[in-house]
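Notes to accompany the following structure.
The values are calculated or read from the model by the stated rules, or taken from the named source; none is laboratory data. Keep in mind that what you see is a predicted model, and the values were worked out from it rather than measured. Here the Cβ is made from the backbone with ideal geometry for all residues, glycine too, and neighbour counts use every protein chain on show.
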Amino acid sequence: MKKNEDQVIASLCFCNNGSINIHRIDEENGQVIFSINNTAPAKRKLYFNSKGVFFNFGSRFYLHEFLRM
């Protein structure tokens, strides 16, 4: 991962000691690069529906639910 991708741009707390951190949104390829707490980043495909843009990781995580840093 490049140095500027280490930075967290948005976060969603899903329990008292866990959060999903978005590092980058790749609009060109329709992917999001994220990590849970301080684990290695992963890529997931972005999907669209009437509620908004989301990615799947066990359940749907909508981008509008994340807090921008």
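What to note about this one:
- Within the option set Asn37, Asn29, Asn21, being on the phi < 0 side of the Ramachandran plot and over 9 Å from the mean Cα position of the chain (by Cα) holds for one residue only, Asn29.
- Pairs linking a residue in segment 26-55 that is more than 19 Å from Cys13 (Cβ to Cβ) and modelled with pLDDT of 95 or more to a residue that is part of a strand (DSSP E or B) and among the β-branched types (Val, Ile, Thr), with Cβ atoms under 6 Å and 6 or more positions apart or on different chains, are Lys43/Ile33; Leu46/Val32; Leu46/Val53.
Each row is one residue, and each column tells you yes or no for (1) assigned to a strand (DSSP E or B); (2) in contact with a His (Cβ under 6 Å, 6 or more places away or on another chain); (3) hydroxyl-bearing (Ser, Thr, Tyr); (4) surrounded by 12 or more Cβ atoms within 10 Å (Cβ to Cβ).
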residue	(1), (2), (3), (4)
His23	yes, no, no, yes
Asn29	no, no, no, no
Phe34	yes, no, no, yes
Ala40	no, no, no, no
Arg44	yes, no, no, yes
Tyr47	yes, no, yes, yes
Gly58	no, no, no, no
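- Filtered residues of segment 9-21 (kept if modelled with pLDDT under 95 and not in a strand (DSSP E or B)): Asn16, Asn17
- Among the candidates Asn29, Asn38, Asn16, Asn21, the residue that is among the polar types (S, T, N, Q) and closer than 15 Å to Leu63 by Cβ is uniquely Asn21.
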